[in-house]
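Student: Pasting a structure below so you can have a look.
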């Protein structure tokens, strides 16, 4: 992973098969080893999602700036822009989200990396499947050091950020033998910092290193619902909001372009908003009364290249007879579609193949 990394999701299973590689700077002989192998079979992966410390929302970006000492001992102005793009890439059989990091020194571009992440829908863990790296000098690409992809050359995906970080958790963030083997340890969940963007409490503090280089050590701080706020000497100066920001009651689909919300009312005049459960790339579910009981499934499909359609489709299925108002908004065009189910009527499936003629 490049020097300026992001937040990380998902509960790390420490009982998994581990490697004996431990950094002296992060581990003592009596300390637990770093988890290096994770159970992919327990996960349904999505290329967008809401990790507490690493929001994977298409269009979301963080800008960090500061001063660092270069290899010659000179102080340089450093800036990093981390952008969750609308691009996806299939890596090792998983459709991942491309997160771009652009790093500059004294205003000159020095590195661009395209990192491949996916969220485990069941746990919230943010998995790291590799990166493509372009190193720059005088505006020209001069190398690709550190690039790797899971499934190639013996490389395995790692976990960048647990969905539920636990103090003392130790894990491989990337595991490409001989190329990139970054490791991390969750040290604290209650740090406080003042950075140019503002003041933060209850920060997640992570110490990171490399199993390939005992001298490679860094400190990072992450804010809940924000992401990376400090990486060594660079600090958060700007947040760029995504077009659709998911929440407990907002589902963002189709690369974050469509915002989906649900209102309900029952026979006793109780009413409320549907709560999101298991969000995916094109579909997600809502519960009304109990988190263990799904009431509504919604899907927005891109049929822009389907002959005779050239539109985004809206499909929905409900397991309810209460009053339901389903609202789908195309954040790019501003168009809104509303679908209603009357109280006492079994929810009729929605198969709207002309919902949004707003391609591309």
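Student: If every alpha-carbon in segment 63-137 counts as one equal scatterer, what log10 I(q)/I(0) does Debye give at q = 0.16, 0.18 1/Å?
Tutor: -0.67, -0.77
Student: Continuing with this model, one more query. Return one quarter of the surface area of the convex hull spanned by the alpha-carbon atoms of segment 51-180, equal to its mean projected area, in nm².
Tutor: Result: 9.4 nm².
Student: On full extension of the chain, what length is gained from residue 218 through residue 325, given 0.36 nm per residue of separation minus the C-alpha to C-alpha distance?
Tutor: 33.7 nm
Student: Suppose each label sits 7 Å from its Cα in the direction of the beta carbon; what would the residue 68-residue 240 distance come out to in nanometres?
Tutor: Modelled inter-label distance: 2.0 nm.
Student: May I have the pair-distance distribution P(r) for the chain, computed from all Cα-Cα distances with 20 Å bins from 0 and rounded to whole percent?
Tutor: Calculated over all Cα pairs of the chain, the distribution is 28, 53, 18, 1 percent.
Student: Now for a separate question. For the ranges 79-90, 214-225, what's the packing order if you count other beta-carbon atoms within 10 Å of each residue, average per peptide, and put the highest first?
Tutor: Highest mean packing first, the order is 79-90, 214-225.
Student: Fewest Cβ neighbours within 10 Å first, please rank 247, 192 accordingly.
Tutor: By the 10 Å Cβ count, ascending: 192, 247.
Student: Going by C-beta contacts inside 10 Å, put 128, 136, 60 in order with the fewest on the left.
Tutor: Least to most surrounded, the residues fall as 136, 60, 128.
Student: Still on this structure, I have one more. Relative contact order for segment 120-279: what percent, with Cα pairs under 8 Å and sequence separation of 6 or more?
Tutor: 12 percent
Student: Need the full-extension length gain, residue 332 to residue 87, defined as separation in residues times 0.36 nm minus the C-alpha distance. One decimal, nm. Kindly include the intermediate steps, with their values, before the conclusion.
Tutor: Details: separation 245, 0.36 × 245 = 88.20 nm, distance 1.61 nm.
Going from the current span to full extension adds 86.6 nm.
Student: Relative to the compact globular guide of 2.2 N^0.38 Å, what is the alpha carbon radius of gyration of segment 251-356, as a ratio? Each step should come with its number before you reach the end.
Tutor: Values: Rg = 13.7 Å, N = 106, 2.2 N^0.38 = 12.9 Å.
Output field value: 1.06.
Student: Provide Rg over Rh for segment 202-250; use the alpha carbon set for both Rg and the Kirkwood Rh (inverse mean inverse pair distance).
Tutor: Reported Rg/Rh, Kirkwood definition of Rh: 1.11.
Student: Mind pulling up the Rg/Rh value for segment 119-205? Radius of gyration and Kirkwood radius, both on Cα.
Tutor: 1.08
Student: From Cα pairs below 8 angstrom and at least 6 apart in sequence, can you work out the relative contact order of the chain, rounded to a whole percent?
Tutor: Rounded, it is 14 percent for the chain.
Student: Another question about this same structure. Mean projection of the alpha-carbon convex hull of segment 297-360 over all orientations, in nm²?
Tutor: 4.2 nm²
Student: Rg(Cα) of segment 186-317 divided by 2.2 N^0.38 Å?
Tutor: On the way: Rg = 20.7 Å, N = 132, 2.2 N^0.38 = 14.1 Å.
In units of the 2.2 N^0.38 Å rule of thumb, it is 1.47.
Student: Treat the count of other C-beta atoms within 10 Å as a stand-in for reagent exposure and order 312, 117 from fewest to most.
Tutor: With the sparsest Cβ surroundings first, the list reads 312, 117.
Student: Could you tell me the convex hull volume per residue, in Å³, taken over the Cα atoms of segment 235-283?
Tutor: Normalising the Cα hull of segment 235-283 by residue number yields 115 Å³.
Student: Please list, by residue number, everything in segment 321-345 whose backbone N is under 20 Å from a paramagnetic label point 7 Å out along Cα→Cβ of residue 358.
Tutor: What the label zone holds, given the 20 Å backbone N cut-off, is 325-340.
Computed from the coordinates by the stated procedures, all read-outs in this text should not be read as laboratory data. Source: prediction; values computed, not measured. Cβ coordinates were reconstructed from backbone atoms using ideal geometry, including for glycine residues, and neighbour counts include every protein chain displayed.
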